[in-house]
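Colleague: Handing you a structure now.
The values are calculated or read from the model by the stated rules, or taken from the named source; none is laboratory data. Since the structure is predicted, the reported quantities are computational estimates derived from the model, not experimental observations. Backbone-built Cβ (ideal geometry, glycine too); neighbour counts: all protein chains shown. Calculation scope for accessible area: heavy atoms of the full protein, side chains included, ligands and nucleic acids excluded. Shrake-Rupley method; radii C 1.70, N 1.55, O 1.52, S 1.80 Å.
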Amino acid sequence: MQFLTEDEVARLLTPAAAVAAVEDSFRRLAAGTIENVPRYRVRLDGGVLAVMSAVDRERGLACVKTYAVTPEGMSFVVVLFDGGQTSAVIEADTLGQLRTGAASAVAAKYLARPDARTLGVIGCGKQARTQVACIREVLPALEQVVAYCRNEQHLGAFCREVGAEPGESHRDPAAQDVVVTITTSRDPVLRGEWLQPGALVCAAGANIPQARELDNAVLERAAFVCCDSLADAKLESGDLLEPVGQGVLDWLEVHELQEVVAGELPGRQSDEDIVVFKSNGLAAWDLAVAQRVVELQGPAA
């Protein structure tokens with residue numbers, strides 16, 4: 001059994017490798033070879049313990065991802081099983097950041113306008129950095145990244161690190177070809193009226209029913225709405241649950257990104273379409289990326 005630390009994951013796993021692994025996991029989800037089990041949460045004293053899992057029956061692989069969020073901080077771990085045996089235990093904060101960024105990159109590859117040249121990012125945390133890095137892998141013609149968060153110091157540091165331009169408000173990143181929301185906000189940070197025709201929105205921050213990053217107008221303007229998993233979205237996606245409850249959206253109008261990746265649905269129909277990808281985070285991605293890290297590490301000594 002191997003044990004991989006955060007530093008080893010950061011050394012081994014590139015954005016390109018993460019994107020390739022996550023894209024393949026979408027194909028395998030569409031083919032039915034992977035079963036993904038939605039996340040469930042258990043209260044801790046002042047925090048929460050989350051558990052999620054996935055099985056790839058064709059490859060004989062399985063994983064459990066678990067993490068604890070407490071006032072003292074957060075800790076993430078993936079346990080990987082191969083043929084029923086524990087093959088690796090992996091510290092998974094960096095891994096999680098990269099697989100989440102990779103999922104948005106897969107959405108951008110399949111759903112952004114072919115001529116997309118600009119990226120807007122609302123949020124300047126660690127997750128935002130991997131969003132930019134991974135999306136750049138699939139949209140190499142990107143000419144401009146515009147970012148905004150309310151903390152000027154964090155915004156400045158983020159822009160220097162990733163080569164972005166600071167926006168003056170949420171409206172500036174919202175006006176770009178691809179718009180990523182990756183915040184901890186419980187209230188909408190993106191309004192539909194700010195979006196330009198043809199925009200792709202990747203909403204990747206909120207994954208509890210009580211939190212939303214998108215207002216109703218985003219969903220009202222969208223010609224195509226998809227998520228990573230309908231089963232997960234119906235449990236924890238406030239960005240979709242509230243609009244459905246208010247009659248703004250119907251679950252029959254919400255598709256899964258895997259259908260587009262597998263060629264079962266076209267996704268974008270027009271360069272003018274506004275398209276939404278709601279990302280909650282799947283253990284299937286953790287399984288794919290964890291296995292790739294183990295492959296890159298090589299056999300245990």
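Colleague: Need pairs with beta-carbon distance below 6 Å; first residue without any contact (Cβ under 8 Å) to a residue 60 or more places away in the chain and within segment 94-117, second open to solvent by 10 Å² or more (accessible area, probe 1.4 Å); sequence gap 6+ or separate chains.
Modeller: Every condition considered, the pairs that remain are Gln97/Lys126; Gln97/Gln127; Gln97/Thr130.
Colleague: Filter segment 140-156 down to residues that are open to solvent by 40 Å² or more (accessible area, probe 1.4 Å) and not acidic (Asp, Glu) and give me whichever is nearest to Val218 (Cα to Cα).
Modeller: Arg150
Colleague: Yes or no: segment 50-57 includes at least one residue that is under 15 Å from Trp285 (Cβ atoms), out of contact with any Ser or Thr (no Cβ under 9 Å at 6 or more places or on another chain), open to solvent by less than 40 Å² (accessible area, probe 1.4 Å) and without any contact (Cβ under 8 Å) to a residue 60 or more places away in the chain.
Modeller: no
Colleague: Another question, if that's okay. With out of contact with any Ser or Thr (no Cβ under 6 Å at 6 or more places or on another chain), surrounded by 24 or more Cβ atoms within 10 Å (Cβ to Cβ), in a strand (DSSP E or B) and not basic (Lys, Arg) as the only criterion, which of Val293, Val276, Val289 stands out?
Modeller: The unique qualifying residue is Val276.
Colleague: A further question follows. Touching a residue at least 40 places away in the same chain (Cβ under 8 Å), under 30 Å from Val293 (Cα atoms) and out of contact with any Gly (no Cβ under 6 Å at 6 or more places or on another chain) - does that describe any residue in segment 140-163?
Modeller: For segment 140-163, residues touching a residue at least 40 places away in the same chain (Cβ under 8 Å), under 30 Å from Val293 (Cα atoms) and out of contact with any Gly (no Cβ under 6 Å at 6 or more places or on another chain): absent.
Colleague: Go over the candidates Gln258, Gln269 one by one and state the one that is of a type in the set (S, T, N, Q), over 15 Å from Ser104 (Cα atoms) and either open to solvent by 60 Å² or more (accessible area, probe 1.4 Å) or touching a Ser or Thr at 6+ places or on another chain (Cβ under 9 Å) (or both).
Modeller: Result of the check over Gln258, Gln269: Gln269.
Colleague: Filter segment 113-134 down to the residues that are more than 17 Å from Leu195 (Cβ to Cβ) and open to solvent by less than 40 Å² (accessible area, probe 1.4 Å), then identify the one that is nearest to the chain's Cα centre (by Cα).
Modeller: Gln131
Colleague: Okay, next question. If I ask for residues that are open to solvent by 30 Å² or more (accessible area, probe 1.4 Å) and closer than 23 Å to Lys109 by Cα, which ones from segment 193-219 would you list?
Modeller: Scanning segment 193-219 gives Trp194, Gln196, Pro197, Asn207.
Colleague: Next up: Does any residue in segment 202-218 that is in contact (Cβ under 8 Å) with a residue 40 or more places away in the chain come within less than 6 Å, Cβ to Cβ, of a residue that is open to solvent by 20 Å² or more (accessible area, probe 1.4 Å) and of a type in the set (Gly, Ala, Ser) six or more places away or on a different chain, and which pairs are these?
Modeller: Correct list of pairs: Glu213/Gly205.
Quick grid of which residues meet (1) farther than 26 Å from Pro266 by Cα; (2) touching a His at 6+ places or on another chain (Cβ under 8 Å); (3) at pLDDT 95 or above:
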residue: Ala88; (1), (2), (3): yes, no, yes
residue: Thr118; (1), (2), (3): no, no, yes
residue: Val138; (1), (2), (3): no, no, yes
residue: Ala141; (1), (2), (3): no, no, no
residue: Gln153; (1), (2), (3): yes, no, yes
residue: Phe158; (1), (2), (3): yes, no, yes
residue: Gly163; (1), (2), (3): yes, no, yes
residue: Asp177; (1), (2), (3): no, no, yes
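Colleague: Identify all residues within segment 58-90 that are among the hydroxyl-bearing types (Ser, Thr, Tyr) and buried (at least 16 other Cβ atoms within 10 Å of the Cβ); write none if there are none.
Modeller: Thr66, Tyr67, Ser87
Colleague: How about segment 237-254: which of its residues are open to solvent by 60 Å² or more (accessible area, probe 1.4 Å), part of a helix (DSSP H, G or I) and acidic (Asp, Glu)?
Modeller: Passing the criteria: Glu242, Glu253.
Colleague: Taking the stated definitions as given, is Val260 part of a helix (DSSP H, G or I) and within 21 Å of Val178 (Cβ to Cβ)?
Modeller: The answer is yes for Val260.
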